[in-house]
Amino acid sequence: MTEFHEPVDVLAQSTRNYIRAINSLKEELEAVDWYQQRIDGATDEQLKQILAHNRDEEMEHACMSLEWLRRNMPGWDEALRTYLFTEGNITELEEHATGNSQGVFRSSGSTGGDLGIRKP
């Protein structure tokens, strides 16, 4: 795999799996984009319907990868519970969830030097 930014032998197996899931998610989202553009460009109605069906399948695949990340990679569950399936201004949700106007997630007891990454 060429997606590793550090030597593979220093990466935990869990990190390697996170990378696989994240790359798959990116690929599925890219496919959604491609299909949507093709739908807009197609002039045949039957072809548009087929492309829309294919686009929707890619959305399903993206959601599966995202759900795997939520279940397995620390931080995803909390972030997704904060933002998904909500109403109103998204940045206000962020401010409410984080307790600050910069929207940086902080774990409890943070000294401010944790890069804003939430810990499980």
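The values are calculated or read from the model by the stated rules, or taken from the named source; none is laboratory data. Treat the numbers as computed from the prediction; the structure is a model and nothing was measured. Because the Cβ atoms are built from the backbone with ideal geometry, glycine has one as well, and the counts that use them run over all protein chains shown. The area values use the complete protein model at the heavy-atom level, side chains included, leaving out ligands, DNA and RNA. Shrake-Rupley method; radii C 1.70, N 1.55, O 1.52, S 1.80 Å.
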Q.
Using amide H atoms built in the peptide plane, which far-off residues or other-chain residues are under 5 Å from GLY75 H to H?
A. none
Q: Calculate the dipole size of the range 11-92 relative to its Cα centre from +1 charges on Lys and Arg beta carbons and -1 charges on Asp and Glu beta carbons; express the result in debye to the nearest 20.
A: 440
(Q) Classify the range 1-102 from the C-alpha gyration tensor, please: rounded if a/c falls under 1.5, else prolate or oblate depending on whether a/b exceeds b/c. (A) oblate
Q | chymotrypsin sites (Phe, Trp or Tyr not before Pro) within the range 1-105, DSSP loop, no more than 10 other Cβ atoms inside 10 Å | A | PHE85
Q: Using a 1.4 Å probe over the heavy atoms of the protein chains, calculate the carbon and sulfur portion of the accessible area of the range 1-73 as a whole percent.
A: 52
Q) Among the GluC sites (Glu not before Pro) within the range 1-68, which fall in a DSSP loop and have no more than 15 other Cβ atoms within 10 Å of their own Cβ? A) GLU3
